[in-house]
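Each remark here refers to the structure printed beneath this line.
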Amino acid sequence: DDDLNPKSIIPEGTDDAEVLDILIDKAGFLGASDIHIEPQKHTYVVFFRYLGRRKQVHSGPIEQYARVVAMVKDRGRVDPMETRVPQDGSFSTQVRGRPYDVRVATIPSDGREKVTMRLLDPIRAQMRLTQLGITMVDDWRKICDYRNGIVLIVGATGSGKTTTLNATVREMKRLEKC
């Protein structure tokens, strides 16, 4: 495919009820961090965010958009009738036998909603500090043992902020500290 006419990851003739599962499966398999669903006037577009960049992976008719968004909102346990205010929800699923947590966010946009689904791989989030590629991991551990101060962990989506914090907290003597 090319950027002007991307090939859809959804096979031609796929039932609308299967579209969401295919999107989640492909995103998880490819290692995408987010799925973005954005309505247009007569169509909708789906993007995957991979390594901080969005890539269009599907476009379809607006009727399919309505069904897909209804399924996302149902799974995410958000109000399916509310389209005027942002909503947040979540659900768990499996991608090729691996568990994933999915955070859902809806944002009103021109009478419809943009939907973002963040895919969280709990297995990948269980890495140890030594596996993260931190060049001065011993210095990082010393900094985290300071009694006072603040550490800012910043970066693009999917850069490892949460994974770094989880690995750090798992190494702490949490029973001795509050």
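Quick one: angle between helix 16-30 and the longest Cα principal axis of the chain, in degrees between 0 and 90, rounded to 10, please.
Compared with the principal axis, the helix lies near 30 degrees.
What do you get for Rg/Rh over the chain if you use C-alpha atoms and the Kirkwood form of Rh?
Value, to two decimals: 1.05.
Between Leu23, Leu132, Leu120, find the one with the highest GNM mean-square fluctuation for the chain; connect C-alpha pairs within less than 10 Å.
Leu132
What is the Rg over Rh value, at two decimals, for segment 85-178, using alpha-carbon atoms and the Kirkwood definition of Rh?
Rg divided by Rh gives 1.08.
Taking only Cα atoms, what is the 0 to 90° angle, nearest 10, from helix 62-75's long axis to the longest principal axis of the chain?
The helix 62-75 is inclined about 40 degrees to the chain.
Quick one: ranking Arg147, Arg98 by accessible area, 1.4 Å probe, largest first, what do you get?
Arg147, Arg98
With the chain treated as a Gaussian network of Cα nodes joined by springs under 10 Å, which of Asp15, Asp121, Asp34 yields the largest mean-square fluctuation?
Greatest mean-square fluctuation among the candidates belongs to Asp15.
Defining a contact as two alpha carbons under 8 Å apart and six or more residues distant in sequence, what relative contact order in percent does segment 61-178 show?
Across segment 61-178, relative contact order equals 16 percent.
The values are calculated or read from the model by the stated rules, or taken from the named source; none is laboratory data. Everything numeric in this text was worked out from a predicted model, so none of it was measured. Side chains are part of the model used for accessible areas, which takes the heavy atoms of the whole protein and leaves out ligands, DNA and RNA. Shrake-Rupley method; radii C 1.70, N 1.55, O 1.52, S 1.80 Å.
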